[in-house]
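FYI, it's all coordinate maths here, none of it is from the lab. A quick note: this is a predicted structure, and the numbers were derived from the prediction, not measured. As a convention, Cβ positions derive from the backbone with ideal geometry for all residues, glycine included, and neighbour counts pool all protein chains shown.
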Amino acid sequence: MKKVYLTVAALMSWAMMSVAALAVDIIVVSHGQANDPFWSVAKNGVDKACKDMKVSCKYTAPATFDMVEMAKLIDNAVSQKPKGIVITSSRCCRFR
């Protein structure tokens, strides 16, 4: 019976670690379009930094410059409850 408990405990630990590994630690919401050469370099930098820091990241950006769409992306990021959210903006006063 002790082996059964140990096996169950090991499986539960493995499952919890697997779920934790899938969780997004940081979500980046960029105002720059995903297909813009500058922002593709920025995204590559974010991906490398997250890999180096051993955190999971999700990079999001609107298809075109659209503050309404960006607000939706921010709301979506907040609803996922990551450990951190990074937001870029060309004009910070638009979020007031």
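What's the Kirkwood radius of region 24-95 in Å, using all Cα pairs? Let's see the in-between values first.
Numbers: mean 1/r = 0.0805 Å⁻¹.
Computed over region 24-95, the radius equals 12.4 Å.
Between Lys58 and Thr88, take the C-beta separation as r, use R0 = 22 Å, and let me know the FRET efficiency to the nearest 0.05.
For R0 = 22 Å, the calculated efficiency reads 0.95.
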